[in-house]
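Q: Below are the structure tokens for one structure; questions will follow.
The values are calculated or read from the model by the stated rules, or taken from the named source; none is laboratory data. Just so it is clear, the model here is predicted, and its values are computed rather than measured. Please note: Cβ atoms are built from the backbone with ideal geometry, for glycine as well, and neighbour counts cover all protein chains shown. Note: accessible area is taken over every heavy atom of the protein model, side chains too, but ligands, DNA and RNA are not part of it. Shrake-Rupley method; radii C 1.70, N 1.55, O 1.52, S 1.80 Å.
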Amino acid sequence: MEIQVLEDAKSLGLAAARQGAEAIRQAIAQRGSANIIVATGASQFETLAALIVEPDIDWSRVTGFHLDEYLGINDQHPASFVRYLRERFVQRVSLKQFYFVDGMSQSPREMCDQLGAIIVDHPIDVAFVGIGENGHLAFNDPPADFETETPYLVVELDEACRQQQAGEGWFASIDDVPKQAISMSCRQILKTKTIICSVPDQRKAEAVRNSLQGSVSPDVPASILQTHGDTWMYLDNASASLLSSSPLS
């Protein structure tokens, strides 16, 4: 794992986007196409804003996959990750294809199976992800399932996760936050060639410390990134503030 600590969220986003863009270019150069995973949430604001203006990416050769979505939220809801991705990414670049998770699906598990069958045929080159305040990776809240090879899962959201979503202003209160979501599984994320993890903000500092300097445990889902051979962790001074030593930046 390569850990870089930047001054602030904007600097973090620029560095993360630069590294991710280079991995996308390399995949296109080597194979003629690239497959990516795109996360959402406040942690990805600066990274996605920088990524869409990175030069020399032939987006028409890039296929994207949605990381996670609430169940019971339509794509017009302010908290909809489909809406977020359309507005901040998909409508800004001319992708070959983007596979969304439909939070209003009448058969969520069937949709998981369908998306899973598609992603198996699209080995992922780059995943843009974050870490939650409770250490979650995607919507894999603790204790996460580290064993399943199923690409997409219906998951239960714990109170800490739901409180974070309300605290960030996506919902009026925790009571409005759905209790279930569809999430890409931890092991599916680990199948990615290069993982770009953007984690700004002081409120993520404890989760960062536990994920990077604690033991690998389902109780800290993002700790599984320690086992991946090509993960780039982008922190700002605030989110890195509890690390026991300063990683090289």
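Q: Would you point out which residue out of V220, V208 is under 12 Å from L137 (Cβ atoms) and at pLDDT 95 or above?
A: So the residue among V220, V208 that is under 12 Å from L137 (Cβ atoms) and at pLDDT 95 or above is V220.
Q: Regarding the stretch 191-212, can at least one residue be identified that is closer than 25 Å to E110 by Cα, touching a Gly at 6+ places or on another chain (Cβ under 8 Å) and assigned to a loop (DSSP other than H, G, I, E, B)?
A: The answer is no, given that none of the residues of the stretch 191-212 is closer than 25 Å to E110 by Cα, touching a Gly at 6+ places or on another chain (Cβ under 8 Å) and assigned to a loop (DSSP other than H, G, I, E, B).
Q: Between D158, D201, which is open to solvent by 10 Å² or more (accessible area, probe 1.4 Å) and modelled with pLDDT of 95 or more?
A: D201
Q: Shifting gears a bit: From the residues in the stretch 204-220 that are of a type in the set (A, V, I, L, M, F, W, C) and without any contact (Cβ under 8 Å) to a residue 40 or more places away in the chain, which one is surrounded by the fewest Cβ atoms within 10 Å (Cβ to Cβ)?
A: Only one residue tops the list, namely V216.
Q: Taking the stretch 221-241 only, how many residues are surrounded by fewer than 24 Cβ atoms within 10 Å (Cβ to Cβ), within 16 Å of the chain's Cα centre (by Cα) and not polar (S, T, N, Q)?
A: Number of matching residues: 5.
Q: Pick out, from the stretch 28-144, the strands (runs of 3 or more DSSP E) lying fully within it that include 2 or more residues that are surrounded by 18 or more Cβ atoms within 10 Å (Cβ to Cβ).
A: Those strands (runs of 3 or more DSSP E) span 34-38, 62-66, 68-70, 126-129.
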